[in-house]
Amino acid sequence: MADQTAPEPPRPGRNRPTILDVAAAAGVSKGLVSKVLNGSVGPSAATTERVLAVAERLGYRRDRTATLLAKRRTRLIGVTILPSNVYHGELAEEIQSMVDAAGYETVLGAMTATHDERRAIETLIDFRCEALLLLGPTMPEDELASLVRGIPTVCVGRPLDLPDVDVVRADDERGIADVVDHLVALGHRRIAHVDGGPGHIAAFRRRAYEAAARRHGIEPVVLPGGLTERSGAQALEHLDPGAGVTAIVAFNDRTALGLIEALESAGVGVPADMSVAGFDDSLMARHPRMALTTVSQLPLEQARLAVQAAIDRLDGPDRDRREIVLPTRLVVRGSTGVAG
């Protein structure tokens, strides 16, 4: 008598089972298995039950990519991300939740020293992402326009003016102004700014600081900085001890935290001798050890609106471009105090 034992699931190291393996084990055609797995009308209840049982026993997993490609859809949304940027990480987490809820999948395009923004975007396009969410892009507008032409794209964080690219960003100008107003209300009259380097968002916040300082009759003091804690610490080297600065507004939370560590290492108390504020309201800023005064960009709302804008663009590619500017929120903690 022939052995009727069903085949064992593939052992670790072997290729995963295919639809042909399921068909052979169930004694039916590949087409019939496909109908069962797709929930199509036709197969009997008994056949459906047998095929599904075999598929489960073999550990069969549908090739979602192949199925979607056959329908000329991938339902993938690409997201560029700078892994070292803590705020990007928080945004990406919120974006993932929103994309999941909408029935899409997220593909992350990491930007590193060896994989720049252009390559990250090109990789996402090569993966046939249907839409792109660009977190704080730094490329010149004309280069970005040619790269994403024909692909629904949403820029998150950076103001730009491209006809087919939607923008979702926080009101950086208002956020920086609120920080300066807060410090002035505490009696500070010499307020410096650690900038974020050559990027577009850094330039936008730097101009906002300068405008807010001058509005209060304060001469702006800009210290060269960057995006990281090290940049914040190094910025302190450019501060003239005789300038009388009693408060510093940093480009982001990371530079602010690096600045605080450098100040404390130099014996300067925060906020007793120097008030420090950041921007982003990241997880680090909320740590009791740091208790950083900062600006919240409402990442949950940014993520929701960015994902919705991308999906709206997929559903209606000819709709008008939109730019959504969200209000920021000043979060006062223990790193700022009354001027000495």
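The values are calculated or read from the model by the stated rules, or taken from the named source; none is laboratory data. Only a predicted model underlies this, so the values are computations on that prediction, with no experimental measurement involved. Cβ coordinates were reconstructed from backbone atoms using ideal geometry, including for glycine residues, and neighbour counts include every protein chain displayed. We work out accessible area using only protein heavy atoms, side chains counted, and drop any ligands, DNA or RNA first. Shrake-Rupley method; radii C 1.70, N 1.55, O 1.52, S 1.80 Å.
Miscellaneous remarks
- Matching residues in the range 94-118 - criterion: being open to solvent by 30 Å² or more (accessible area, probe 1.4 Å), touching a helix residue (DSSP H, G or I) at 6+ places or on another chain (Cβ under 6 Å) and in a loop (DSSP other than H, G, I, E, B): Ala102
- Within the range 171-195, if we keep just the residues that are part of a strand (DSSP E or B) and touching a helix residue (DSSP H, G or I) at 6+ places or on another chain (Cβ under 7 Å), the residue that is farthest from Gly337 (Cα to Cα) turns out to be Val194.
- The range 1-38: number of residues that are within 14 Å of Arg57 (Cα to Cα), part of a loop (DSSP other than H, G, I, E, B) and either of a type in the set (Lys, Arg) or modelled with pLDDT of 80 or more (or both): 4
- Filter pass, Arg205 being within 23 Å of Gln297 (Cα to Cα) and either within 22 Å of the chain's Cα centre (by Cα) or charged (D, E, K, R) (or both): yes
- Positions within the range 300-323 being more than 19 Å from Glu90 (Cα to Cα), in contact with an Asp or Glu (Cβ under 8 Å, 6 or more places away or on another chain), surrounded by fewer than 22 Cβ atoms within 10 Å (Cβ to Cβ) and not aliphatic (A, V, I, L, M), in sequence order: Arg319, Arg321, Arg322, Glu323
- Answer residue from the range 261-299, given it is among the β-branched types (Val, Ile, Thr) and assigned to a loop (DSSP other than H, G, I, E, B) and is surrounded by the most Cβ atoms within 10 Å (Cβ to Cβ) among those: Val270
- Applying a threshold of 7 Å to beta carbon distances and a minimum spacing of six or more residues, or different chains, the list of pairs starting in the range 114-142 at a residue that is charged (D, E, K, R) and ending at one that is assigned to a helix (DSSP H, G or I) reads Arg118/Leu147; Glu130/Leu314.
- Criterion violated by Glu210 - all others in (1) open to solvent by less than 20 Å² (accessible area, probe 1.4 Å); (2) under 28 Å from the mean Cα position of the chain (by Cα) satisfied: (1)
Table: residues versus (1) more than 25 Å from Ala23 (Cα to Cα); (2) modelled with pLDDT of 85 or more; (3) in contact with a strand residue (DSSP E or B) (Cβ under 6 Å, 6 or more places away or on another chain).
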| site | (1), (2), (3) |
| --- | --- |
| Ser40 | no, no, no |
| Glu49 | no, yes, no |
| Arg62 | no, no, no |
| Ala66 | no, no, no |
| Leu69 | no, no, no |
| Arg72 | yes, no, no |
| Ile77 | yes, yes, yes |
| Leu82 | yes, yes, no |
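- Condition check for Gly258: open to solvent by 40 Å² or more (accessible area, probe 1.4 Å), over 23 Å from Asp171 (Cα atoms) and modelled with pLDDT of 95 or more: no
- The range 197-207, residues that are open to solvent by less than 50 Å² (accessible area, probe 1.4 Å) and charged (D, E, K, R): Arg205
- Filter pass, Val249 being assigned to a loop (DSSP other than H, G, I, E, B), of a type in the set (A, V, I, L, M) and at negative phi: no
- Counted residues, the range 131-150 - those being surrounded by 19 or more Cβ atoms within 10 Å (Cβ to Cβ) and more than 25 Å from Asn252 (Cβ to Cβ): 2
- Residue match in the range 235-249 (condition: among the acidic types (Asp, Glu), open to solvent by 40 Å² or more (accessible area, probe 1.4 Å), more than 26 Å from Val168 (Cβ to Cβ) and over 24 Å from the mean Cα position of the chain (by Cα)): yes
- Note on the range 213-232: residues that are open to solvent by less than 50 Å² (accessible area, probe 1.4 Å), closer than 13 Å to Phe251 by Cα and of a type outside the set (S, T, N, Q) total 4.
- Condition met for Val194 (at pLDDT 95 or above, farther than 19 Å from Val79 by Cβ and open to solvent by less than 60 Å² (accessible area, probe 1.4 Å)): yes
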